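Novice: Quick one: structure below, then a few questions.
Coordinate-derived values only; no laboratory data. Predicted model only: the values in this text are computed from it and were never measured. Positions of Cβ are backbone-derived with ideal geometry, glycine not excepted, and every protein chain shown enters the neighbour counts.
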Amino acid sequence: MRQAIVAHSIQKDFNSSEIIDVDTTKGAGKDIWDKLSQQIPVFQLFKTDRNNNDADAEIQDPLKAVTKQTLKGELAGKLDEITGRVEEEAKKQAKLTLDKLNEMDPDLAHQLTPKFSSPKWENVFKFSLDTDTVPLNKRGSGTRRLILLNYFRAQADKQADEEHVTDIIYAFEEPETAQHADHQRMLMQSFSKISQQLGKQVLITTHSPELAGMLNPDGVRQIEHTSEGQTHVNNTPDLMKVAKDVGMLPNIVGLPGRLKMAIFVEGPNDVQFLRVILMNYCPQIFENNDTVLIPVGGGAFQHWLSLQILERLNPVKFYLFDNDEAGSGYARKVENAQGNAKNVYVWSLGPIEFYFPYSYYSRAIESVNHSREVNQDDGAGILTKLATDKFHDADYKKDIEPLKNNLWSDFKRVNVDSEKKKQFLAEFKNDPMINTELQQLSDELCKAYKRD
């Protein structure tokens, strides 16, 4: 039978719009759907419009979502067993009743058919949040949605590696409605944390570029209506076009009021390196899309200070320099320009190449030494490979500078290979000296970012 169905499907050119209805309320269709529904994600929609009733749906909905998620997990089999047992007993009693009725009134008995409806278990459990003052269902929309916001914050704080958690899709319509700007940011951060968990997805609809601008641009979709009257989802929209459609400017780093922090570093390599590191150690400073890394090495740095290029934007300025002669010079210029060394951080080990994982150093020196062995006429000697515990005390000029090009060439793969990035960051965590310093740098950056 299966082979015949497959052969028929291959031969027939099915139209994509062809729909075949299958009754999932009874018989085999119901049995199949009951099993399939346990495997598909829970979908929970939170609407902007609320119902003004005592049930307080806006508050009940998230609590019901927890119930549905729990009941679709490991309890599903037990509930099916309970339902089956009750149905079996009910039908057994119904049959006995009809048998007795048949003795007295056969015509009536033949008109009756036992019918059993499976319960919606999520409706069996009722929750409430009591208050001693004004009842929640009498409070304003903002307060009610604030409770909803904190439901999502609670979800975001749960352990991402929980076992037996059912997949769930949260759909939230216009989360900016009736909320203070600070609450909107907190909500978007919670959404972001939820979406990073395995088996979780968050869909948000909004007309606010401010809200959309808090997310990674890759996560923005545009819903468009075609000239044929169809609805089209554009997965790679032009953000400027999106902003024009809703009549507002997008949240672009660099516009007045949109730049919160500028981190100045010496060169473009530092920008690439730090973006990977800081996104792991202090991601909170990048969550609102208002932090930028700026390379200012060479003679141009003095102009950044004297011309006060970013002064009108009023960002927090943070300076991060190598612990070498050039870096010390930059640090002195900042101190002279602003009268103090506030928000100036100098790496403790030396130039930033000292912060590469030891495996990168090991590959680089092996590659350079191999090249020098092959090209014996270049006059360069074989480099001595340092042990793991000596790497941080290396002589930069003699031991590290000859490997500089190899180190950065190897690092470029980190930005395009997610697996290499994971390994790269894991090695940082396993190096106590570097990990401690990066934690310290992260703390200082966060303190600077949070300034009022």
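Novice: For a quick check: sort Asp218, Asp322 by the number of other beta carbons within 10 angstrom, fewest at the front.
Specialist: If I rank by nearby Cβ atoms, fewest first, I get Asp218, Asp322.
Novice: Are any of the pairs Lys317/Lys398; Lys333/Lys421; Lys193/Lys422; Lys193/Lys260 more than 27 Å apart by Cα-Cα distance, and if so, which?
Specialist: In this structure, Lys317/Lys398; Lys333/Lys421 exceed 27 Å between Cα atoms.
Novice: Find out how many positive minus negative residues lie around Ala109, taking Lys and Arg as positive, Asp and Glu as negative, among other residues whose Cβ is under 14 Å from that of Ala109.
Specialist: With Lys, Arg at +1 and Asp, Glu at -1, the net is -2.
Novice: Once every Cα of segment 252-452 carries one equal point scatterer and solvent is ignored, give the base-10 log of I(q)/I(0) from the Debye formula at q = 0.13 Å⁻¹, two decimals.
Specialist: Reported log10 I(q)/I(0), two decimals: -0.77.
Novice: Cut-off is 10 Å between beta-carbons; in what order do Thr70, Thr24, Thr388 appear when sorted fewest neighbours first? Don't jump to the answer; show the numbers that get you there.
Specialist: Numbers: Thr70 18, Thr24 15, Thr388 11.
Ordered by Cβ neighbours within 10 Å, fewest first: Thr388, Thr24, Thr70.
Novice: A follow-up question, please. Along Cα→Cβ, 7 Å out, is where each label goes; now give me the distance between the ones at Asp34 and His225 in nm to one decimal.
Specialist: 4.3
Novice: Could I ask something else about it? Hey, fewest Cβ within 10 Å first, where do Arg2, Arg332 land in order?
Specialist: Working: Arg2 6, Arg332 12.
By the 10 Å Cβ count, ascending, the order reads Arg2, Arg332.
Novice: What's the ranking of 418-427, 283-292 by average number of surrounding C-beta atoms within 10 Å, highest first?
Specialist: 283-292, 418-427
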